[in-house]
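This report refers to the structure that appears directly beneath it.
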Amino acid sequence: MLVQVRAAGLDRGTWHLMTGTPSVVRLAIGLRRPRNPVPGRDVAGIVAAVGSAVTTLSVGDEVYGVAPGSFAEYAVTRADKLARKPASLSFEEAAVVPISGLTALQALTAGGVKAGQRVLIIGASGGVGSYAVQLAKALGAEVTGVASGPKLDLVRSLGADHVIDYTSEDFAETADRFDVILDIAGNPSLSRLRRALTSTGTAVITGGEDGRGPTGGMNRQLRGLILSVFVRQRFPFFLSSESGTDLERLTGLIEAGSVVPSLDRTYPLDETQDAMRRLASGAVRGKLAITIASA
């Protein structure tokens, strides 16, 4: 499918693909340089053309989803990576949902989150975290969000029942124990995660690494998977997928008012470099969007 891009979201994964870190990602995108030199994955726009096998979407449909090279006027992707854009959202708001929203939804599913459980979200003010807080609340969980002091107001506004300022308090040293931990940011050791879990709790690691070394963030996931064989606590290996079906689930939650995109700022396409610098600085509350002028 060919999508006329109206807006693109800026996620941490795009930064990793641009910098080629961790080294293992180069096996997929190109050893010395990216095979696709145009960055961007999140997309929201209008269907401009469809292949002969596409039956679910038509030219003129407003869509959102995942399209490699979305920082451009047009991008090509598969129909099963798109869904119809929620009517209540602008293109900019819709563009910041797919990658982060899918990661949050699928990570909570991997953790088996249920109503009444206590859930800790490390990195609750970022792209994935801002959706994870809302989705966990929609599932009926009691949510504690971890972020820096200046961002705690955002975490509370997303619906978190409790907040922890990681600059002054260690979540692993509190008296609280959690059924599920979603580790998006920081880089806590497995032993710290275990101390904060209940005896049969689950920790899902989705990020939080500095990207160094050949495997970057995957080393804790691999060690956690092995550890799960010997202890009652679970550390499932997690990788998100680009699923149009899950996007439709998110659409339903958005239209029901259970999930609202947290859009920090928008940048025009020619200021993408400034947006990337802001993302790398850690100052973003929620997500950033890149706007593409319509023809």
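A few points about this structure:
- Applying both filters, DSSP loop and at most 12 other Cβ atoms within 10 Å, to the chymotrypsin sites (Phe, Trp or Tyr not before Pro) of region 149-252 gives PHE230.
- For the chain, the relative contact order works out to 21 percent when only alpha carbon pairs closer than 8 Å and six or more residues apart are counted.
- Low-density loop cleavage sites - trypsin sites (Lys or Arg not before Pro) in region 62-126, where at most 15 other Cβ are within 10 Å (DSSP): ARG78, LYS114
- Charge sum, other residues only, whose C-beta stays under 12 Å from THR109's C-beta, Lys/Arg counted +1 and Asp/Glu -1: +1
- Distance between the modelled labels on ASP274 and VAL76, one decimal in nanometres: 3.3 nm (7 Å Cα→Cβ projection).
- What the Cα atoms of region 233-295 give is an Rg and a Dmax of 15.8, 54 Å.
- Sites excluded, GluC sites (Glu not before Pro) in DSSP loops with at most 15 other C-beta within 10 Å, longest stretch of the chain: 170-295
- Cα-based convex hull volume of the chain per residue, rounded to whole Å³: 130 Å³
- Calculated SAXS-style log₁₀ I(q)/I(0) at q = 0.19 Å⁻¹ - region 133-193, Debye, Cα scatterers: -0.72
- Summed side-chain charge close to SER58 - residues other than SER58 whose Cβ falls under 14 Å, Lys, Arg +1, Asp, Glu -1: 0
- Size descriptor, Kirkwood hydrodynamic radius, that averages inverse alpha-carbon separations across region 104-244, Å: 14.8 Å
Any read-out appearing in this document is the output of simple, stated calculations on the displayed coordinates, not a laboratory observation. Remember, predicted model here, so these are calculated numbers, not experimental data. Reconstructed Cβ throughout: ideal geometry from the backbone, glycine too, with neighbour counts over all protein chains shown.
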